[in-house]
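Colleague: Below you'll find the structure I mean.
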Amino acid sequence: MGQVKYDLQVLYVYKLYYFFSIFIFFILTSLFLCWRFGPLLGVFSFVIGFCTAYLLMMRKQNFPPPDKKSTAQKMAKEITQDSTPLAISRFASQLYFYFSETRQAIALLEKYQNTNDPLLCATLADILLREDRPKHALSTIMKNPTFYSEPLLLIILGNILQHMNKWPDAIKIYEHSLALAQKSGFPHNGTDKFTQFLLTLSYTATIHHSLGDCYVVTRDYTKANKHYILGNIRFFDISLWRKLKSHVTYTA
């Protein structure tokens, strides 16, 4: 299988776990050196390990997809045991990203669209937007009666409006999504609590970055810079940070 182009939110989580997997080895090594040779060598090893793991995380931009055969078997087992909107959404995402089965993924999601589940609806609209069908994606969001109270749906709606160059409308939607997310959070996608926490940080950061992009287009550079900073502080990996282009001048 080829490389999968993950969403920034998912990529960030992968990169963090990659960092942890490397850094934990250096932590154990540092503890051993501290016990065996003294704290100075242990601290030195800890610092070197942190820097090494961080640099490797920054450089890591691609992660191999899971094995096709085992993934297909797992998907088939899960979908026969669980047909909830959450399971359908995950199944469709795997069809689309891992197997490039666009038609099957869209057809499956549309079959269960009347459940009005926010995660399922957001998954469908996101795939449609990726397939350059923004009008269809927009109608998918608008058909959901709860879209204006679901932060994840509003993120996708903001992306659609941004794609359609409706910058002021996108700004309003992104800001409303941020306000809702602070109160109720994002829909749970079946991951553990820590991963969900990381995804929440990543989603929030990308909303701020998207707002920054919108404000750049509308020439409000002060607000653009503010949102880039608010997004950056939520990303531990500085390779994901955003800033105003060097040719853009703004008044603080």
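Just so you know, all these numbers are worked out from the coordinates, no wet-lab data involved. Nothing here was measured: the structure is a model prediction, and the numbers come from that model. Because the Cβ atoms are built from the backbone with ideal geometry, glycine has one as well, and the counts that use them run over all protein chains shown.
Colleague: Please determine, in degrees from 0 to 90 and to the nearest 10, the orientation of helix 167-184 with respect to the longest principal axis defined by the Cα atoms of the chain, where the helix direction is its Cα long axis.
Modeller: 60
Colleague: In a GNM of the chain with a 10 Å cut-off on Cα contacts, which of Ser93, Ser83, Ser70 has the highest mean-square fluctuation?
Modeller: The residue that fluctuates most here is Ser70.
Colleague: What do you get for the angle between helix 221-232 and the principal long axis of the chain? Use alpha-carbon atoms, 0 to 90 degrees, nearest ten.
Modeller: The answer is roughly 60 degrees.
Colleague: Oh, and also: Grab the beta carbon distance between Ser239 and Phe50, set R0 = 22 Å, and tell me the FRET efficiency rounded to 0.05.
Modeller: Given R0 = 22 Å and the Cβ-Cβ separation, E is 0.85.
Colleague: Just want the ordering: Asp213, Asp7, Asp117, from fewest to most Cβ atoms lying within 10 Å of their own Cβ.
Modeller: So the ranking, lowest neighbour count to highest, is Asp7, Asp213, Asp117.
Colleague: A follow-up question, please. Gain in length, Phe25 to Thr84, computed as 0.36 nm per residue apart minus the alpha-carbon separation, to one decimal in nm?
Modeller: Residue separation times 0.36 nm, minus the Cα-Cα distance, leaves 17.4 nm.
Colleague: Would you work out the charge dipole size for the chain about its Cα centre, treating the Cβ of every Lys and Arg as +1 and the Cβ of every Asp and Glu as -1, and quote it to the nearest 20 debye?
Modeller: 440
Colleague: Still on this structure, I have one more. What is the range 68-165's relative contact order, in percent, from Cα pairs under 8 angstrom and six or more apart in sequence?
Modeller: Value for the range 68-165: 21 percent.
Colleague: I would also like to ask the following. Points 7 angstrom from Cα along the Cβ direction at Glu131 and Thr200: gap in nanometres?
Modeller: Distance between the two pseudo-spin positions: 3.3 nm.
Colleague: Kindly state, to the nearest 0.05, the FRET efficiency for Thr191 paired with Phe99, given R0 = 22 Å and r defined as their beta-carbon distance.
Modeller: With a Förster radius of 22 Å, E is 0.60.
Colleague: I would also like to ask the following. Fewest to most neighbouring Cβ within 10 Å: what's the order for Met57, Met142, Met75?
Modeller: Met142, Met75, Met57
Colleague: Further question: Angle between the Cα long axis of helix 85-97 and the longest principal axis of the chain, 0 to 90 degrees, nearest 10?
Modeller: Here the helix axis deviates by roughly 80 degrees.
Colleague: When the helices in the chain are scored as -39500 (n - 2.57) per DSSP H run of 4 or longer and the sum is shared across all residues, what 222 nm value do you end up with, to the nearest 500 deg cm²/dmol?
Modeller: After summing the helix terms and dividing by the residues of the chain, the value is -23500 deg cm²/dmol.
Colleague: OK, next. Using Cα positions and a limit of under 27 Å, work out the lysines in reach of Lys5, with same-chain residues fewer than 8 apart set aside.
Modeller: Answer for Lys5, where 27 Å is the Cα cut-off: Lys15, Lys60, Lys68, Lys69, Lys74, Lys77, Lys111, Lys135, Lys166, Lys193, Lys243, Lys245, listed by chain and number.
Colleague: So, in Å, what gap is there between the alpha-carbon centers of the range 137-190 and the range 196-234?
Modeller: Result: 15 Å between the Cα centres.
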